[in-house]
Structures are given as C-alpha cells and as structure tokens.
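Worksheet for the structure shown next.
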Amino acid sequence: DAKTTQPTSMDCAEGRAANLPCNHSTISGNEYVYWYRQIHSQGPQYIIHGLKNNETNEMASLIITEDRKSSTLILPHATLRDTAVYYCIVRVGWNNAGNMLTFGGGTRLMVKP
Amino acid sequence: NAGVTQTPKFRVLKTGQSMTLLCAQDMNHEYMYWYRQDPGMGLRLIHYSVGEGTTAKGEVPDGYNVSRLKKQNFLLGLESAAPSQTSVYFCASNRQGVMNTEAFFGQGTRLTVV
C-alpha cells in the first residue's frame, strides 16, 4: 500500500471548515483513499473513501487532486465533537486476503470554541 | 444492533499470566481483525481472519495467538503476558465483497501488564 503523509496536528475554530491534507505521491492506479477518525481513544470510525472523483457524504467531503498524489478531507462546519485523530489510508479497492487497513500517525485535529 | 463488542474493557495482568480477549460481531461479517495501539501511535495489525476456521499473521503477531471457531467471534490470546504487551487492543470486522467495505471497530480493551 502507498505511504501517506499527514500533518501531526491542526487547529480549527468551531463552526468553520476543517481542511485536513494528505499526501500520497506513490499511490497506484488501483488504490483508493480512505479516511477514518478516532475520538479520544475510542475505536476508529469510517468517514469516507474515494478513487479519483470528489466524494461527499453526511459527514465530510473528500477532494482528490487530478494527479491523485494528494487529497483533502473537509469537515464543512466543525464542532467540538469533531476533535479527534484523523487517519488517511491508501489501499487497493478490492477485498482479498491480507488487504487490511494500515494506520499511520494521523492528524490530531483540535476544534476550539 | 450491537456492532462489534469487545470483552473485557479493562484488565490488569501480572507478567507471565495468560488471558483471552473476546471480540463478537453481529453483522455476519466474514473478515475480522485484531489491532493494538500504543500511546500516541497508530494502530498495528496483530492477526486477522478472512473466515471461520482461518487466521493469519499481521504486522506484530509475536506473543499472541488467535482462533475463529465461530464466524461471529474472534479470540485473541496472550499465553504469557509481558509488560511490552501493555496496550489498547481493538477488534474490527468488515464484510466480504468485490470492493472494500467499511470496517467497524469495537471500543477497545485496555490491558496493563505489571
């Protein structure tokens, strides 16, 4: 799986958009970008994933650059409950034996009042 | 719908003791995983299973054994606990499919080995 690089920490004001970047310059054509978050040592929670088109769901938006070497997770209106560690993970899109989630250090997002 | 349930939530062991962590999922998922997370670190895969009766090693399998006798349960065993195994353990599951599916995680088991 391609390696990802994320900032160690970020701050965001409550109510503002939080933009979390991720670099994955060695991503392959068959690899997807996944985002999970972990709130205060709870189990990680799936947020969103995408291949090359921008994606949006009820939690967030995912913007992937045209060359797919980087992406940005956008939380449109951050709340205090969005304070968490956010993990950007790149993996192949299909299930097979050994195709597991590989977690790096993630970005610690602090949403402030 | 309980999702993924881990038992126990907390445990303190003495060095050399053994114990088993239980993970149960009620979503009929084929794939199950055990991760550990040390303070300030990301999750690391210990063992995983792609179906009942099958298991495989992950990134950090030494000192652990697993079993998947029933589809809904995935057990993680520590035969002789060591202080280096002090960690938070997470179980996860997802369903089999052509494309990757969302993984669901339990709330974790906090293990301290003294």
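Ranked by how many other Cβ atoms sit within 10 Å of their own Cβ, fewest first, the residues B:20, A:4, B:15 fall in the order B:15, B:20, A:4. Summary value for chain B: 36 percent relative contact order, contacts being C-alpha pairs under 8 angstrom separated by 6+ residues. For the set A:3/B:70; B:9/B:71; A:52/B:71; A:3/B:9, the pairs lying more than 25 angstrom apart at their alpha carbons are A:3/B:70; A:52/B:71; A:3/B:9.
Couplings for segment B:6-16, taken from phi via the Karplus curve 6.51 cos²θ - 1.76 cosθ + 1.60 with θ = phi - 60°, read 10, 9, x, 8, 9, 7, 10, 10, 8, 3, x Hz in order; Gly and Pro are left as x. Sorted into 5 angstrom bins from 0, the C-alpha pair distances of chain B split as 2, 13, 24, 26, 19, 10, 4, 1, 0 percent. Taking amide H atoms as placed 1.01 Å from N in the peptide plane, the amide H of residue A:10 lies under 5 Å from those of A:108, A:109, A:110, each 5 or more residues away in sequence or on another chain.
When B:62, B:38, A:82 are sorted by how many other C-beta atoms sit within 10 angstrom of their C-beta, beginning with the fewest, the order is B:62, B:38, A:82. Enclosing the Cα atoms of segment A:13-60 in their convex hull gives a volume equal to 120 cubic angstrom per residue. Binning the C-alpha pair distances of segment A:1-102 at 10 Å intervals from 0 yields a P(r) profile of 15, 50, 30, 5, 0 %, listed from the shortest bin outward. Footprinting exposure proxy ranking of B:46, A:47, fewest other C-beta atoms within 10 angstrom first, gives A:47, B:46. One Cα centroid belongs to segment A:5-80, the other to segment B:48-90; the line between them spans 30 Å. Each Cα pair under 8 Å and six or more residues apart adds its separation to the average, and for chain A the resulting relative contact order is 36 percent.
Short to long, the 5 Å bins of the Cα pair-distance histogram for the protein assembly as shown hold 1, 7, 14, 18, 18, 16, 12, 8, 4, 1, 0 percent of all pairs.
Every read-out reported here was derived from the displayed coordinates using simple, explicitly stated rules and does not represent laboratory data. Since the structure is predicted, the reported quantities are computational estimates derived from the model, not experimental observations. Here the Cβ is made from the backbone with ideal geometry for all residues, glycine too, and neighbour counts use every protein chain on show.
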